[in-house]
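Chemist: My questions will all concern the structure given below.
The values are calculated or read from the model by the stated rules, or taken from the named source; none is laboratory data. Every value quoted in this text rests on a predicted model; they were computed, and no experiment measured them. When we count neighbours, we look across all protein chains shown, and the Cβ atoms used for this are built from the backbone with ideal geometry, even at glycine.
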Amino acid sequence: MENEFQSAYQEEQHRLSLAMEEIDRRLERLRNTPVYTGHDFTEQVLESAREEKRQALAKSSQEPYFGRMDFDERGRGQRKPLYIGKIGVEREETSAYPLVIDWRAPIASLFYSFTGGEETAFYEAPEGTIEGLVYLKRNVVIRKRILERVADTYNRESDEPAVSDEFLVYRLGENKDNRLRDIVSTIQAEQDQIIRAAKNTALVIQGVAGSGKTTVALHRLAFLLYQYKDQVSADKMVIFAPNHMFLDYISDVLPELGVGDIQQSTFADWALDLLGLDLPLADPAETLSYWFESGSLREESMDEAPGRFKGSVHFMELLQAFVERLEPISVPEGDFSPWDGAVLPRAEILNWFNEEYKPYPLAKRKERVLARVHRWIEMELKKSPSAAALKERKKKAGAREKAYAKKWPQYDALTLYKQLFQAAKGLPADTAAEMKASLPTAIFKATQSDLRKQIIREEDLTALVYLHVLIHEVESSQRFDHVVIDEAQDFSPFHIALLDLFVKGHSFTILGDLSQGIHEYRGVHAWEEMSSLFAPEHTGYFALTRSYRSTLEIIEFANTILEQGVRGGITAVPVFRSGDPVRTISYDSSVREQSLLTALKELSSREYRTVSVLTRTLKEAVELHEVFTSAGMDVNLIDGGKKQYEGGLSVLPVYLSKGLEFDAVIVADADHEHYGERAWDAKLLYVGCTRALHELWLLHDGSLPSYVQAQTK
């Protein structure tokens, strides 16, 4: 076997040298070609293409490919070695296959979908189904032009057993830095199926913690841009992520895949920008306790939570009915007279509003009617008998036109939302009473109180954007070609139905984990709440159950929390990568801070790039940060306001850790006081535990929740 490995290594070293020689030669030629800076359009296009090739070849020159597959296409009778890379590189001479095949190309799908066996393999190409035999599937690791590793995961002609997971486990065992990495070289068959799914589909992905669902979604964007390059553009795609720090954490993946200009935002930022509002939102971490204190939420009735109601399609329909009731009361009472003797009958204005401009939404109808009134005034002014009369009439008309415009309703989303909850005047009494009766009393009172204090909560934003759409409509410039929603379990059906108004062809990638639904007072409890919004032919569902992040010990420990604390959570199937046992460390409450400091010092002394301390609340994170820095440790505080994840040592509340991963994790205060017996307490602790790749420690005062099993070292 050693000789076989040496032979494979030497073969790949020779092939790498040849590939780099050709790439370097072409890159040098392009770099020596003078850059065109003139104004000829054709030459500008050619220069743009040359620059694109320069950048692609520069990237390829460092790590040209990561995989090899020997394939004999049926009917050709010739076995060809195909090399797969992040960026395709064509050969200069005519050849059946490129020097490097882009991982998104149809034939490259074989590298991911073929998992061994003697049967015929196939892939879907534009010309139809292509069949053949796979003789060899090989992973290679090239870093900075140096061949570091060769691993065969399938060899038809070898007697050695397949080691399909060996290369994957090797890559998973690497330490974590402060950025999410691409997984092009380790995409698994079930992940590849999601990445290559058809564009005009609302794809729902249930992925357990560490299943790579976020990375899969990012690779899907890169694939869609490759496969549908004439139909979609990067600047018309958007990723909605839970917070700014998470956006920074994933920011390197798309550029590494050769894709830029994709919009990245939180839903809150996008909504506030669309609405033109500059308002601080209430802290989401405080909202749950707020609803409890207001009496509008009971622990045993999460389905009746305010966020669940405001996130329902029923509330969406209620808002539509509300706007429809505004139509009959939009045009002010009485005729319009710009000066004595000139009258524009209200009946004529009503005809414009209700008939001629009926296809338009309310705000545009108002705008067009007032413009029509202005034109009528100008026409009447032309009938003035003298210059003096014209001057006098212009003066009066200007004042009366402004006064008349002020009589019309103010069509902006926040004003209407306040009217709905009777926090502002403007509705007829019967309409106000009818709308009030359609809203749950506790929610009505709590929201009314919020709006009077100028408080807007995240669950209000969906309604505000929808009101904006109803009165203004969606502009073509606001439409997306594709929408990715990460941590979608914290979104609502209303979110999805609203965003569907902004996306072409129901083109969604919706991903999350119901077991991590720590905001269940506003999120979904089942994916059917979202998928049912679309026709069956426009939806797809995938479940990713294998976890590639954590060690076997960490995953089994976290699964127990779900099984005993949530009773219904979706547990993970680990990739066999064993590590240190999970530690539950008890301390006396009088030495809590010293115990946490000692634990952090011990883990930070090891060869880990990222270590985090997770607290239950932001207040506790701030306090511990002061303890650690006072002890001379360089620790980053992550408080929700940060836009960058620094890596290294961090302290943060557990609810901000979703989507992130660390080499080692310390869960502070994993006791009964901080994590009670409620299902969402268990989910929150599960989120914290599943952030760890290699080591997990839980420190507590001796009173562990019932769903946490004490571990001995």
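Chemist: Could you give every pair whose Cβ atoms fall below 6 Å, whose first residue belongs to the stretch 331-357 and is surrounded by fewer than 17 Cβ atoms within 10 Å (Cβ to Cβ), and whose second residue is among the hydroxyl-bearing types (Ser, Thr, Tyr) and assigned to a loop (DSSP other than H, G, I, E, B), counting only separations of at least 6 or pairs across chains?
Modeler: Correct list of pairs: VAL343/SER337.
Chemist: Can you spot a residue in the stretch 72-79 that is under 34 Å from the mean Cα position of the chain (by Cα) and in contact (Cβ under 8 Å) with a residue 12 or more places away in the chain?
Modeler: No, the stretch 72-79 contains no residue that is under 34 Å from the mean Cα position of the chain (by Cα) and in contact (Cβ under 8 Å) with a residue 12 or more places away in the chain.
Chemist: Scan the stretch 1-12 and report the pairs whose first residue is at negative phi and whose second residue is at pLDDT 85 or above, with Cβ atoms within less than 7 Å and a gap of 6+ or a chain change.
Modeler: The qualifying pairs are ALA8/VAL150; ALA8/ASP152; TYR9/VAL150; GLU12/VAL140; GLU12/LEU147; GLU12/VAL150.
Chemist: I'm trying to understand the selection: among the residues of the stretch 631-661, which are in contact with a strand residue (DSSP E or B) (Cβ under 7 Å, 6 or more places away or on another chain), under 18 Å from GLU487 (Cα atoms) and not in a loop (DSSP other than H, G, I, E, B)?
Modeler: Within the stretch 631-661, PRO653, VAL654 qualify.
Chemist: Sticking with this one: If you check LEU274, LEU225, which single one turns out to be at pLDDT 95 or above and either within 15 Å of the chain's Cα centre (by Cα) or buried (at least 16 other Cβ atoms within 10 Å of the Cβ) (or both)?
Modeler: Criteria check complete, one pass: LEU274.
Chemist: Might you let me know whether the stretch 375-388 holds any residue that is farther than 30 Å from GLY311 by Cβ, hydrophobic (A, V, I, L, M, F, W, C) and within 43 Å of the chain's Cα centre (by Cα)? So that I can check it myself, show each step before the final result.
Modeler: First, pick out the residues of the stretch 375-388 that are farther than 30 Å from GLY311 by Cβ: 375-388.
From the residues that got through so far, the ones that are hydrophobic (A, V, I, L, M, F, W, C) too are 376-377, 379, 381, 387-388.
Of the ones still in play, those that are also within 43 Å of the chain's Cα centre (by Cα) are none.
No.
Chemist: I would also like to ask the following. Go through the stretch 1-34 and give me each residue that's among the polar types (S, T, N, Q) and at pLDDT below 90.
Modeler: ASN3, GLN6, SER7, listed by residue number.
Chemist: Which of (1) within 22 Å of ALA692 (Cα to Cα); (2) assigned to a helix (DSSP H, G or I) is the odd one out, the single condition GLN206 does not satisfy?
Modeler: (2)
Let's see how each residue does on (1) at pLDDT below 95; (2) buried (at least 18 other Cβ atoms within 10 Å of the Cβ); (3) part of a loop (DSSP other than H, G, I, E, B):
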site: GLN489; (1), (2), (3): yes, yes, no
site: PHE494; (1), (2), (3): no, yes, no
site: ILE510; (1), (2), (3): no, yes, no
site: SER515; (1), (2), (3): yes, yes, no
site: GLU520; (1), (2), (3): yes, yes, yes
site: GLU537; (1), (2), (3): yes, no, no
site: SER550; (1), (2), (3): yes, yes, yes
site: GLN564; (1), (2), (3): yes, no, no
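Chemist: Taking only the stretch 665-684 into account, find how many residues are crowded, with 24+ Cβ neighbours inside 10 Å and touching a strand residue (DSSP E or B) at 6+ places or on another chain (Cβ under 7 Å).
Modeler: The total comes to 5.
Chemist: Being in contact with a helix residue (DSSP H, G or I) (Cβ under 6 Å, 6 or more places away or on another chain) and buried (at least 23 other Cβ atoms within 10 Å of the Cβ) is the filter; apply it to the stretch 196-211 and report the residue that is nearest to VAL232 (Cα to Cα).
Modeler: ALA202
Yes/no per residue for (1) among the charged types (D, E, K, R); (2) in a helix (DSSP H, G or I):
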residue	(1), (2)
ILE377	no, yes
GLU380	yes, yes
SER384	no, no
ALA389	no, yes
LYS396	yes, yes
ALA399	no, yes
GLN410	no, no
TYR417	no, yes
ALA433	no, yes
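Chemist: Go through the stretch 441-468 residue by residue and tally those that are free of Cβ contacts under 8 Å to residues at least 60 places away in the same chain and touching a Leu at 6+ places or on another chain (Cβ under 9 Å).
Modeler: Residues that pass the stated criteria total 1.
Chemist: Which one is nearest to PHE494 (Cα to Cα), of the residues in the stretch 523-535 that are free of Cβ contacts under 8 Å to residues at least 60 places away in the same chain and part of a helix (DSSP H, G or I)?
Modeler: Ranking the qualifying residues of the stretch 523-535, first place goes to GLU529.
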